[in-house]
Amino acid sequence: MPFPTMFADSTHQLACAKTRYAKSAVAAFAGLALALAMPAVHAHQNHAHPAQQAEADQAAGKVHIKVPDTVLTDQNGKSLRFRTEAMADRLVVINFVYTTCSTVCPVQSALFADVQKRLGERAGRDVALISVTVDPLRDTPARLKEFAAGYGAGPGWSLYTGSSQAVDEVLKAFDAYTANFTEHPPAVLVGDPRSGEWVRFFGFPSTEQILGRLTELQAGRQGARSAQAKAN
């Protein structure tokens, strides 16, 4: 077989394999998605960064983030100021997606669905789950709403789009901006907008890691209240 034909066949087979994997990863997330995620990331060369995949469950460390209060629009078409209204005074779990992504974003979204389930009544009340598109030109509120419905997003999980300028401002604040949105870093951040204290996880943290970090942040808030009460 001529070399160009062999190369074309190989490329086609790889593309088909990626599609099959993405679908199976989402369907099987309940027990296996995070375990299967790493092969998908390595296969999706244009989306992931090899250095960030070395330890998928390893926190990159604490970072301090000043969240901008720019106006974004959620999947229901409601415009909100990002820090004061979308996050309000809640703890936050945030990631960055786009609706045409076929590997990393679906697996992270399945992770968010699991976190939402585990949080129960705390989702929306004490903790805001937030996904911000990295492709605001294509991801309209309607497309985000359809995407969210595919993962059973409830009232405590909101997806945001907006003008390119507004979205880029948020992405840059979280160090998630890239000129080519398909190459954005696969990251999940857990933090407290009140204190500006965040932890960035690259790749696919476990549900337990996210819940554990939320518990630490909540304990920090309670400790601060106790110290303030004693001081008064």
task: Please specify each residue of the stretch 160-215 satisfying the condition of being among the hydroxyl-bearing types (Ser, Thr, Tyr) and crowded, with 21+ Cβ neighbours inside 10 Å.
output: TYR160, THR161
- line: Within the stretch 85-130, the residues that are more than 22 Å from GLN218 (Cβ to Cβ) and either acidic (Asp, Glu) or part of a strand (DSSP E or B) (or both) are PHE96, VAL97
query: Quick one: is ALA148 surrounded by 15 or more Cβ atoms within 10 Å (Cβ to Cβ), assigned to a helix (DSSP H, G or I), small (Gly, Ala, Ser) and under 14 Å from the mean Cα position of the chain (by Cα)?
result: yes
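Values quoted throughout were computed directly from the atomic coordinates according to the rules given, and no laboratory measurement underlies them. Everything quoted here is computed from the prediction, not taken from an experiment. Because the Cβ atoms are built from the backbone with ideal geometry, glycine has one as well, and the counts that use them run over all protein chains shown.
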